[in-house]
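The next block holds one structure in the form of structure tokens; read it before the comments.
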Amino acid sequence: MDFNRIDEDLRISIENTPYSLEIDEDVFLNNPELIQKERKEFIKAHPFKHSDYILIKDIFIESSVDRYEIRLHIYQPEKYNMDKTLLYFHGGGYVFGLPEQVDNQMFEIADKLNATIVSVDYRLSPQYRFPVPILDGFDALQWVISEGEAQLGINPAHITVLGASAGGHLAAAVTQMAVDHHIENIKHQFLLYPVIHNRLDTSSMEEFTDALLWNRIYAQTAWLHFLGEENVNKRIRYADLTHYDNFTKLPPTTIVACELDPLRDEDIEFAQLLYKAGVKTELWVIPGALHVFDLFDSPMNNQYKKFMMGRLFCKTNKRKK
């Protein structure tokens, strides 16, 4: 790709990162468990220091699939607003990652917005393929609805779902599943550079085959792990988010896409489907941005955080009757 297209401040921040940002393609394809292990070890060795007035705790809930204990990583400030509850799903291509990888972002949201955050440690592929991670997310939503008031003191009637990359896909899939189950507690979905479908056929996916941080090769491998060889080319409900017939019932949506991201065009495509269905939707395609730009200090990231903080619990985000 043309590196001159990257926002200059973002590019400098990326270049000054003291650790490798590359994913070994062979390891990703043939030994993804190694990447999972390395990511966990790195995060454990570099914990984020947080304020004492934000309570951190883990709650374990039973999976509806196999009684596996799903970990919910909770962030709750002392002075929380009971009407501000965020159900969060981390990124990582459905193959790696865990809630603690974005501790700094979650602490900032909890602190500045007085919000309770339930971050889901959903199971990963290829050990647990579709639909298990989606069902883990849906189980988490149902727990927040049924137990959130008693155990966290929150109002479960006002939930925002937030997810990044594969986590954005998971957030949107859970929202679609909620609509299909006539659950109306999700009032807003905020999707940060979300994965949308497995077709790998958009112009941006064809263009950014060698992009930093995420590219077509990584995406192809991630889908193979998530769906398995037998399903990787199939259109399946909740896997391909465009393969859905109930768009008009979805809640207001905010989508943030990146100009230099292979996922850019599928994000735009998804926003267009929502527009056509009459769903209140805001789309921001950030010029000069790469996938996971928000993990690097830059004026662009500061602008994005200001935008996000103002949108997550916007009072105008009300489900259309």
Distance violations [Cα-Cα > 18 Å] among K249/K276; K112/K306; K187/K306; K44/K112; K234/K280: K187/K306; K44/K112; K234/K280
Would you mind calculating the relative contact order of the chain from Cα pairs under 8 angstrom and at least 6 residues apart, reporting the percent as a whole number? 18 percent
Using 0.36 nm per residue of separation minus the Cα-Cα distance, give me the extension gain between Q151 and T248 in nm, one decimal. 31.6 nm
Please figure out what share of the DSSP beta bridges in the chain is antiparallel and state it in percent, rounded to the nearest 5. 35 percent
Computed over region 209-321, protein heavy atoms only, probe 1.4 angstrom, the accessible area per residue in square angstrom equals 45 Å²
Diffusion coefficient, µm² s⁻¹, Stokes-Einstein with Kirkwood Rh over alpha-carbon pairs of the chain at 20 °C and 1.002 mPa s: 109 µm²/s
Given N residues in region 16-91, what is Rg(Cα) / (2.2 N^0.38 Å)? 1.49
Take peptides 48-56, 170-178, 8-16, 258-266 and line them up by average Cβ neighbours within 10 Å, highest first, as a rough protection proxy. 170-178, 258-266, 8-16, 48-56
In square angstrom, what is the accessible area per residue of region 118-191 with a 1.4 angstrom probe? 27 Å²
Quick check for me: using +1 on Lys/Arg Cβ and -1 on Asp/Glu Cβ, what's the dipole size of the chain about its Cα centre, in debye to the nearest 20? 1420 debye
Where Rh is the Kirkwood radius over Cα pairs, Rg/Rh for region 175-272: 0.98
Among 278-291, 226-239, how do they line up from the highest to the lowest mean number of other beta-carbon atoms within 10 Å? 278-291, 226-239
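The values are calculated or read from the model by the stated rules, or taken from the named source; none is laboratory data. Because the structure is predicted, anything quoted here is derived from the model rather than measured. Every residue, glycine among them, receives a Cβ derived from its backbone with ideal geometry; neighbour counts consider all protein chains shown. Quick note on the areas: whole protein, heavy atoms, side chains included, nothing else; ligands and nucleic acids left out. Shrake-Rupley method; radii C 1.70, N 1.55, O 1.52, S 1.80 Å.
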